[in-house]
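The structure appears below as structure tokens.
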Amino acid sequence: MSSSLHKPLVYIISAPSGSGKSTLVNELLKSVSDLEFSISYTTRSPRGSETNGRQYYFVSRPEFEKMTRNGDFLEHAEFDGNLYGTARRFLHEAEQSGRDLLLDIDVQGAEQIQQKLTNATSIFILPPNRKILVERLRKRGEDRDEVIQRRVAAATREIENYDRYNYILINDHLEESIEILQAIVRSERLLRAGRPLARDESKIVKLADCCRLANVRERVKPILDSFGTTDDSGDGSPS
Ligand code: ADP
Ligand code: 5GP
């Protein structure tokens, strides 16, 4: 029925608050063509310079609940006392426009999308360690100390789910992280095109491969340790 429609690649990005996700997503959207950002709906209030229809659609809880009843959401979840949801229409629009779709959603939302769209590419962004996460949250200057403590506690729980994602990006040096994130998006496009790769294209795929789950476990271990979290993925590797 819809075989002539573009089948968008869907990229899911999740990260604990303060890891640098917004910074990386903004850079990615500037540098990669044909990639649409799915603007989520949320019941939380705008922060700082956020405006309705740019970072989020800010709606009341009754409005959000009505949308849920209407089946308007592809996924939705509660995070830190607020509701967040991805509107189905962004996927339809991506199909119509021939673009791919980028979702910035939490671990619960990622799980729902992975069940519905089994081809989605998922990326988890990690800070280099707990201390740097705290420094970044302070540097951002949006939160009081107790909010920062809450965010770090949430991060400790969220990062335990890193192994549900296809790619793990450790956001240490910003320029390098931007390059890797671009490579992941391009690599997935190249691989799904299913044609032989030129030399430059192979390099992109190789760069992205460095962040595949199977290739990062050793690098992730000290990060988990810094949060006091252990990896119970059962890969049997001695610690
Ligand atoms: P998030 O969206 O994950 O909550 P932000 O993108 O707001 O995080 O980044 C948090 C803070 O860390 C910001 O001040 C940002 O400029 C800074 N930051 C992001 N990535 C890096 C990096 N690789 N190195 C140093 N600072 C960074
Ligand atoms: P913040 O309020 O800091 O912008 O976002 C809080 C968390 O909600 C982040 O982990 C962010 O990725 C997540 N989030 C944003 N939009 C959505 C959404 O539509 N669905 C889900 N499940 N999570 C979302």
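The values are calculated or read from the model by the stated rules, or taken from the named source; none is laboratory data. All values derive from a computational prediction rather than experimental measurement. Cβ sites come from the backbone with ideal geometry, for glycine too, and all protein chains shown count toward neighbours. All accessible areas refer to the heavy atoms of the entire protein, side chains included, with ligands and DNA or RNA removed. Shrake-Rupley method; radii C 1.70, N 1.55, O 1.52, S 1.80 Å.
Against the numbered list (1) among the basic types (Lys, Arg); (2) within 13 Å of ligand 2 (Cβ to nearest atom); (3) farther than 24 Å from residue 172 by Cβ; (4) at pLDDT 95 or above, residue 21 comes up short only at (3). Answer yes or no: is there a residue in the range 79-89 that is modelled with pLDDT of 95 or more and in a loop (DSSP other than H, G, I, E, B). The answer is no, given that none of the residues of the range 79-89 is modelled with pLDDT of 95 or more and in a loop (DSSP other than H, G, I, E, B). Beta carbons closer than 8 Å, at least 6 apart along the sequence or on distinct chains, pair a first residue in the range 61-85 that is on the phi > 0 side of the Ramachandran plot with a second that is surrounded by 12 or more Cβ atoms within 10 Å (Cβ to Cβ) and assigned to a helix (DSSP H, G or I) for 71/88; 80/150; 80/154.
If we scan the range 37-55, do we find a residue that is open to solvent by 10 Å² or more (accessible area, probe 1.4 Å) and within 17 Å of residue 184 (Cβ to Cβ)? Taking every residue of the range 37-55 in turn, at least one turns out to be open to solvent by 10 Å² or more (accessible area, probe 1.4 Å) and within 17 Å of residue 184 (Cβ to Cβ).
Being open to solvent by 60 Å² or more (accessible area, probe 1.4 Å), more than 23 Å from residue 135 (Cα to Cα), within 16 Å of ligand 1 (Cβ to nearest atom) and out of contact with any Ser or Thr (no Cβ under 7 Å at 6 or more places or on another chain) is a description that applies to residue 30.
Just give me the residues in the range 56-84 being under 21 Å from residue 152 (Cα atoms) and either open to solvent by 50 Å² or more (accessible area, probe 1.4 Å) or of a type outside the set (S, T, N, Q) (or both), in sequence order. Within the range 56-84, 77, 78, 79, 80, 81, 83, 84 meet the criteria.
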